[in-house]
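Peer 1: A single structure is presented below for examination.
The values are calculated or read from the model by the stated rules, or taken from the named source; none is laboratory data. This one's a predicted model, so the numbers in the text were calculated from it and none came from an experiment. Note that we place each Cβ from the backbone using ideal geometry, even for glycine, and neighbour counts take in every protein chain shown. For the accessible areas, the whole protein counts, side chains as well, though only heavy atoms, and no ligand, DNA or RNA atoms are used. Shrake-Rupley method; radii C 1.70, N 1.55, O 1.52, S 1.80 Å.
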Amino acid sequence: MAPANVRAAQAPSADRRLSTLVRHLLPSSPRRTAATAADTSATLESFPTMASQGSSSVFAALAQAPEDPILGVTVAYNKDPSPVKVNLGVGAYRTEEGKPLVLKVVRRAEQMLINNPSRVKEYLPITGLAEFNKLSAKLIFGADSPAIQENRVATVQCLSGTGSLRVGAHYLHPQPTWGNHPKVFTLSGLTVRSYRYYDPATRGLDFKGLLEDLSSAPSGSIVLLHACAHNPTGVDPTIDQWEQIRQLMRSKSLLPFFDSAYQGFASGSLDKDARSVRMFVADGGELLMAQSYAKNMGLYGERVGALSIVCGSADVAVRVESQLKLVIRPMYSNPPLHGASIVATILRDSEMFNEWTLELKAMADRIISMRQQLFDALKSRGTPGDWSHIIKQIGMFTFTGLNSEQVAFMRQEYHIYMTSDGRISMAGLSTRTVPHLSDAIHAAVTQLK
Ligand code: KET
């Protein structure tokens, strides 16, 4: 595989020690060489322990680090005093009124937890809340999953999706991908390469490029796959394409590492959005799965997620879990209690589960209707270009195709905030703000070609 901008990754020593532990999980990993598309401007500097001569601070020589390319958009947005400002940066759901949403079912679960006098605040085990882990595996792999029935799944509760990825480590990532992917894995002391995924010409999947790159990946490589609602592109393989990817990966012994941050957000159905994953479980092969409840249960700040490793046999799963504990214990000891308790309360109760699916569907539907409204608004303005990708792409984001200059223009002139790659969070949009955004896009594409 020969991606364009390959650079050697230098892991800080503490992370290197952790990754040595992680590597026990995947003993035959390919030679670790490089990371691509990582945000090289945000390199971690090692901390000095003594002040240089003439300086009063041990830390005086540290450079100012740049803001995060995604979370930094919110920082800039918060500083803008304009009353018409709109934040389409971070992938966080907002209501029609532009307000963050706490699901009713989540409030209900929290109330139940508070009212239960027998609840204590003890440490959880290193692996987290056992019931949460069981229910999380069931949610993503399906109640009838053979891997679960045969006890081949090791699940550990982690700090949301990011923490699950970080605990799982080793992988290859699609190009482009969520901006934090290369950093998470590079900092785990791993080498990251990219495979072709998106074709800007068609604003669709570069399926041929993807297959070519996976074909030439060394056997034993780990391949990161977005389970659904690919971020940032909103472009997912079809079921047929998934099947071809699966066959190729299994024939080449490439290990899938699924990132599932949007289950239920793509189609509105939890089961439909897990189809890609379940195809890989159904063939009996192994895989890693990082699951987040940030978006689909709106538990962003609670940091609740899970890493599941589907193993070839039940006894391997036991050993895998024991190794995961070695990774987790020095990293954060054990995960937080509250969020996992909310999730377990909802997933264990069929009535609350149903309530959740309805609220989730309502969020997904609102996003889909925003796509249609934005598309219609651009069409009615006669904005140059084919904007059909807005309604074809799925999930939380539209990868607009706007360039960084146009993005900067829209921030400057219209107080509209998005990431510099032209990604907009459709969940940040409302009927009220669609006209403003369409005016801005129209001006950007007509004035800056
Ligand atoms: N995977 C993907 C693909 C993803 O988009 C996110 C978050 C995560 C994992 C991790 O989320 P967590 O909160 O750790 O469960 N993405 C949005 C927020 C962020 O950048 O942190 C975003 O892309 O805006």
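Peer 1: Would you work out which of ALA440, ILE239, SER216 lies farthest towards the positive end of the dipole of the chain? Charges go on Cβ: Lys and Arg +1, Asp and Glu -1.
Peer 2: SER216
Peer 1: Let me ask you something else. What order do you get for 425-438, 108-121 when each peptide is scored by the mean count of other beta carbon atoms within 10 Å, highest first?
Peer 2: In descending order of packing, they fall as 425-438, 108-121.
Peer 1: In whole percent, and with a 1.4 Å probe on the protein chains, what portion of the accessible area of the chain is carbon and sulfur?
Peer 2: Whole-percent figure for carbon plus sulfur exposure: 55.
Peer 1: Shifting gears a bit: What does the accessible area per residue of the chain come to in Å², with a 1.4 Å probe and no ligands, DNA or RNA counted?
Peer 2: 44
Peer 1: Is the shape of segment 240-376 rounded, prolate or oblate, going by the alpha carbon gyration tensor and its root eigenvalues a ≥ b ≥ c, with a/c under 1.5 for rounded and a/b larger than b/c for prolate?
Peer 2: oblate
Peer 1: Rounded to the nearest 20 debye, what is the charge dipole size of the chain about its Cα centre when +1 sits on each Lys and Arg Cβ and -1 on each Asp and Glu Cβ?
Peer 2: 480
Peer 1: Further question: Mind scanning LYS104/LYS138; LYS104/LYS272; LYS295/LYS392; LYS134/LYS208; LYS85/LYS138; LYS325/LYS392 and naming the pairs with a C-alpha gap bigger than 31 Å?
Peer 2: Too far apart for the 31 Å limit: LYS134/LYS208; LYS85/LYS138; LYS325/LYS392.
Peer 1: If I stretch the segment between GLN241 and SER369 completely, what's the gain in nm (0.36 nm per residue apart, minus their alpha carbon distance), one decimal?
Peer 2: 43.4 nm
Peer 1: Between CYS311, CYS158, CYS228, where does the largest GNM mean-square fluctuation fall for the chain, given springs only between Cα atoms within less than 10 Å?
Peer 2: Evaluated over the chain, the most mobile residue of the options is CYS311.
Peer 1: Considering only ALA137, MET279, GLY268, whose Cα is most displaced toward the positive end of the charge dipole of segment 123-348, charges sitting on Cβ of Lys, Arg (+1) and Asp, Glu (-1)?
Peer 2: Checked the options; the winner is ALA137.
Peer 1: With charges only on Cβ, +1 for K and R and -1 for D and E, what is the dipole size of segment 123-348 about its Cα centre, in debye, rounded to 20?
Peer 2: 420
Peer 1: Just add up the charged neighbours of ARG250: K/R +1, D/E -1, any other residue whose Cβ is under 14 Å from the Cβ of ARG250.
Peer 2: For residues surrounding ARG250, the net value is -1.
Peer 1: Mean-square fluctuation check for the chain, GNM, Cα pairs under 10 Å: which of LEU62, LEU402, LEU378 is largest?
Peer 2: LEU62
Peer 1: Hey, can you grab everything whose amide H is under 5 Å from the amide H of ARG196? Only 5+ residues off in sequence or another chain; H modelled, so Pro and N-termini drop out.
Peer 2: Here ASP213 satisfy the definition.
Peer 1: So how many Å³ per residue does the convex hull of the Cα atoms of the chain work out to?
Peer 2: Spelled out: Cα convex hull of the chain, divided by residues, is 168 Å³.
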